[in-house]
Amino acid sequence: MIDTFKISKTFARLPNQSELISNGWKMLLDRQTGEPAALYLTSPKGEGKPRLTISQNPLNDYWVIGAEVSLGSWLSNSNLHLPDEEEFYQGLHLLSQYVESKSGIGFDAHRERVTRVDFTRDFQVGESAVIPVISKFSKLTLPRYNRLSFGDTSVYFTNSGKEKTKKFLIYSKYHERLSKSKNTSQLEAARGLIRLEISYIKSAVKRLAKSLKLSSHHANYILTKETSEKVIQEAMKLLHFDSLLTPKSANVEKLFEICDTSAAFSRIGFLHLKAIFGEDLAKQPFINISQKTLKRYEDDCRKAGILSLK
């Protein structure tokens, strides 16, 4: 469903700063001028309460309040629990109340604009398969994305370009929990889990709404089960998720199912040579088959879900 998200609202008049500070808000100063730049309210580490910020829009005199939270961490003490649709709706109601109580600003989390959202799904692959599966993703190349691996337990794909607004994350939930908490029950629950997150920030949320032909990038359109399902399914297709989660032996068997024996062997030979020569395979002087034939081999391998023999 959805893990972390941020909802923002524009308003005209800044509440009394002294009152905000007396209620626990802190002033953030501009690094260059030393002047007040924003106000923020955070909770002690481990509580998972929403992080609130108030800042001035640099393009005009209006102010913006933002509320960022993982409902699972806030309401269940761990984002291992991804709220279902009903829990999420109730969580938005509680978030509205929380923001209003802490800021004095009217806030409807169901309808304000979304400025960050992490669509999320967990996959139970078994403890012994976690690192081998993530290793497969660490070899994947996505056009227009930069790949970054952290050890053998997580892989991130971040959009290329100056503004980093979209990210795919694939990581071991057990190792992520281990780095943050020693809670035994949480660690046991995370064993064997691989988490997929698709994170949209700022302008990427607007582009997502446009690509899905949604009326706007407000919460009642973006933070829904339907939108989450569409985003996750598209991401899984782009990342070849199903095939990379499947053992290679099963994929090889499928190759023999969709091709006759002779054709299957030729496709396996193609994969072997591709593992050696990569994208330069077609340029090798001993290759005496057409680009069209090589493309057909590759398409058959993709249908079988086997992209590499590495």
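Pairs linking a residue in segment 211-239 that is in the same structural domain as TYR145 (by TED's automatic domain parsing) to a residue that is small (Gly, Ala, Ser), with Cβ atoms under 8 Å and 6 or more positions apart or on different chains, are SER215/ALA209; SER216/ALA209; HIS217/ALA209; ALA219/ALA109; TYR221/ALA209; TYR221/SER215; ILE222/ALA209.
The criterion of at least 2 residues that are touching a strand residue (DSSP E or B) at 6+ places or on another chain (Cβ under 7 Å), modelled with pLDDT of 95 or more and farther than 30 Å from SER243 by Cβ is met, among helices (runs of 4 or more DSSP H) falling completely within segment 8-125, by 85-103. Applying the criterion of being crowded, with 19+ Cβ neighbours inside 10 Å and β-branched (Val, Ile, Thr) to the residues of segment 95-124, the residue that is nearest to PHE11 (Cα to Cα) is VAL99.
A search for C-beta distances below 9 Å between a residue of segment 63-80 that is touching a residue at least 24 places away in the same chain (Cβ under 8 Å) and in the same structural domain as SER199 (by TED's automatic domain parsing) and any residue that is among the β-branched types (Val, Ile, Thr) and surrounded by 22 or more Cβ atoms within 10 Å (Cβ to Cβ), counting only pairs 6+ apart in sequence or on different chains, returns nothing. The set of residues in segment 258-271 being in a helix (DSSP H, G or I) and exposed (fewer than 11 other Cβ atoms within 10 Å of the Cβ) consists of THR261, SER262. On inspection, ILE134 fails the criterion of being touching a residue at least 12 places away in the same chain (Cβ under 8 Å), assigned by TED's automatic domain parsing to the domain that holds PHE11 and not aromatic (Phe, Trp, Tyr). Looking at ASN183, ASN159, just one residue is of a type outside the set (A, V, I, L, M) and farther than 28 Å from ALA219 by Cα, and that residue is ASN183. Scanning segment 192-251 for residues that are in contact with a helix residue (DSSP H, G or I) (Cβ under 6 Å, 6 or more places away or on another chain) and on the phi > 0 side of the Ramachandran plot turns up just one, GLY192.
The values are calculated or read from the model by the stated rules, or taken from the named source; none is laboratory data. Please read all numbers here as calculations on a predicted model, not as lab measurements. Here Cβ is always computed from backbone atoms with ideal geometry, including for glycine, and neighbour counts include all displayed protein chains.
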